[in-house]
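The values are calculated or read from the model by the stated rules, or taken from the named source; none is laboratory data. Quick caveat: nothing in here was measured; it's all calculated off a predicted structure. Cβ placement follows ideal geometry from the backbone for every residue including glycine, while neighbour counts extend to all protein chains displayed.
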Amino acid sequence: MVLKMALVSIKPGVGKTTSALFICQSLHELGKSPLLVDADKGQSALEWMEDAEGLDFPVVGQHITTLHRNLPDLEGDRGAVVIDVPQLEDHESIARGALLYADVWVFPIAPAGIEVRRTTRKLKKKLEGIKDERERFGLPRDPAVEVVLLNRTNRPYATKTGPDADVRDALMDGELSMSVLDSQVVFHDDLYRQCYGLPVETEGTTYPAVTKEILSRWEAAQ
């Protein structure tokens, strides 16, 4: 069975493309033979692969609204297809196609106090409409996995107190009721922002733990 994952956000600047690349590298290291689909018009992931003169996994550009129809033909013998989805607020039609295709939805979110509540409310409203469309297509209304990845945090793992914990609690409370990964990604410019265009190295990051946790949830849902 192919793991079909979409990384989605309501707005840009949350580390979605970087997360997609590091998750793909982690999947490669686990022997999952991933394909990264760059569905963003900016094609950052595709340019990263070109500047790095190749990565350990292929990246293809697919800035189209028919991802749900096109991507099955690209699966081949891949163990995973990961989609870097453009932000929902500006490219909803492309995001819709990605979320019709994917059975794992990952939402990278950078903790930012009350901003998290506001943006997450908007995200959930958009997702409800897409879930309605999944039903119309004869798909399960809910994906197998729907989870938040906390990014650019103060600590690499969940804590009981502090700003990361406050954001985690806000996301998981009754109003938003979103599942949050235990593993999270600490703010670290040297490891992430400044590594653009270089081969992706997961050593020293929590992305292997993030990826294993996502895989565990997906496997449990089968």
Practice task
Six or more apart or on different chains, Cβ under 8 Å: which pairs go from a residue in the stretch 62-90 that's within 15 Å of Val104 (Cα to Cα) to one that's aromatic (Phe, Trp, Tyr) and loosely packed, with under 14 Cβ neighbours inside 10 Å? Could you list them?
Solution key: His68/Phe137
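Are any residues in the stretch 63-73 touching a strand residue (DSSP E or B) at 6+ places or on another chain (Cβ under 8 Å) and either basic (Lys, Arg) or modelled with pLDDT of 95 or more (or both), and if so, which ones?
Step one: list which residues in the stretch 63-73 are touching a strand residue (DSSP E or B) at 6+ places or on another chain (Cβ under 8 Å), which gives 63, 67, 71.
The answer is Leu67, Leu71.
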Handout entry: Condition check for Glu133: over 29 Å from Met49 (Cα atoms), surrounded by fewer than 19 Cβ atoms within 10 Å (Cβ to Cβ), modelled with pLDDT under 85 and not hydrophobic (A, V, I, L, M, F, W, C)
Key = no
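Would you pick out the residues in the stretch 89-122 that are at pLDDT 90 or above and out of contact with any Pro (no Cβ under 7 Å at 6 or more places or on another chain)? Steps first, please.
Taking the stretch 89-122 as the starting set, the residues that turn out to be at pLDDT 90 or above are 91-108.
Selection gives His91, Glu92, Ser93, Arg96, Gly97, Ala98, Leu99, Leu100, Tyr101, Val106, Phe107, Pro108.
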Practice task
Evaluate the following for Pro143: is it modelled with pLDDT of 80 or more, over 24 Å from Lys41 (Cα atoms) and surrounded by 18 or more Cβ atoms within 10 Å (Cβ to Cβ)?
Solution key: yes
Problem - All positions within the stretch 59-96 that are among the hydrophobic types (A, V, I, L, M, F, W, C), part of a loop (DSSP other than H, G, I, E, B) and surrounded by 18 or more Cβ atoms within 10 Å (Cβ to Cβ) - result: Val85, Leu88
